[in-house]
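A.B. asks: To start, I am sharing the structure in question, which I have written as structure tokens.
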Amino acid sequence: MGHQHRYRRAFKVSRHRLVVWHGAYPLYLEDAREAFGDEYGLTYEGYLDNQYYAPIVDMQIQYKFPLRYGVKARIDITYRPTEAAKIVFDYEIRDKETNLLYCKARTIQVFMDMDYNLVLFNPEFFENWKAKWQQ
């Protein structure tokens, strides 16, 4: 299951030579996660409605080619199923026109209850979500 997200946030953070600052990439990934969640019903509000948090505990970013100011990029995000109580997404940031790969990334989120305790088993709402989309 995947989603192709056209990046809508302006390139606000750039350094000399009009190259996007490396610290901006997590914001791009967040935009893609939010767009995926809106499309597939896996939103931050949904976590909270079900009395859970889903913080990112691991983020890996591999920079492949400099992303320059003004480039029309897209972010491909793919949900990776796992049996563990985790939400894993893979990302690719590519040139919208040439398909050039700028960046590959992965995020891992875990579930925490409202007292910030790590949840070791998938919450029922997430099991239901997985069952709906794995058909």
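A.B. asks: For the stretch 5-25, does any single residue satisfy the condition of being under 26 Å from residue 133 (Cα atoms), at pLDDT below 95 and in a strand (DSSP E or B)?
C.D. replies: Yes; the residues of the stretch 5-25 include at least one that is under 26 Å from residue 133 (Cα atoms), at pLDDT below 95 and in a strand (DSSP E or B).
A.B. asks: Then there is this: Looking at (1) under 21 Å from residue 70 (Cα atoms); (2) surrounded by 15 or more Cβ atoms within 10 Å (Cβ to Cβ), can you tell me which one residue 112 breaks?
C.D. replies: Unmet condition: (1).
A.B. asks: Of all residues in the stretch 34-62, which are in contact with a strand residue (DSSP E or B) (Cβ under 6 Å, 6 or more places away or on another chain) and in a helix (DSSP H, G or I)?
C.D. replies: Hits for the stretch 34-62 are 35, 36, 39.
A.B. asks: Give me the residue from the stretch 63-89 that is aliphatic (A, V, I, L, M) and not in a strand (DSSP E or B) and, out of that set, surrounded by the fewest Cβ atoms within 10 Å (Cβ to Cβ).
C.D. replies: Among residues in the stretch 63-89 that are aliphatic (A, V, I, L, M) and not in a strand (DSSP E or B), the one surrounded by the fewest Cβ atoms within 10 Å (Cβ to Cβ) is 84.
A.B. asks: I'd like the full set of residues that are in a strand (DSSP E or B) and over 21 Å from residue 43 (Cβ atoms), limited to the stretch 90-117.
C.D. replies: If the condition is that a residue be in a strand (DSSP E or B) and over 21 Å from residue 43 (Cβ atoms), then 92, 93, 94, 95, 101, 102, 103, 104 are the ones that fit.
The values are calculated or read from the model by the stated rules, or taken from the named source; none is laboratory data. Given the structure is predicted, the values throughout are model-derived calculations rather than measurements. Neighbour counts are summed over all protein chains in view; Cβ atoms, including those assigned to glycine, are modelled from backbone coordinates with ideal geometry.
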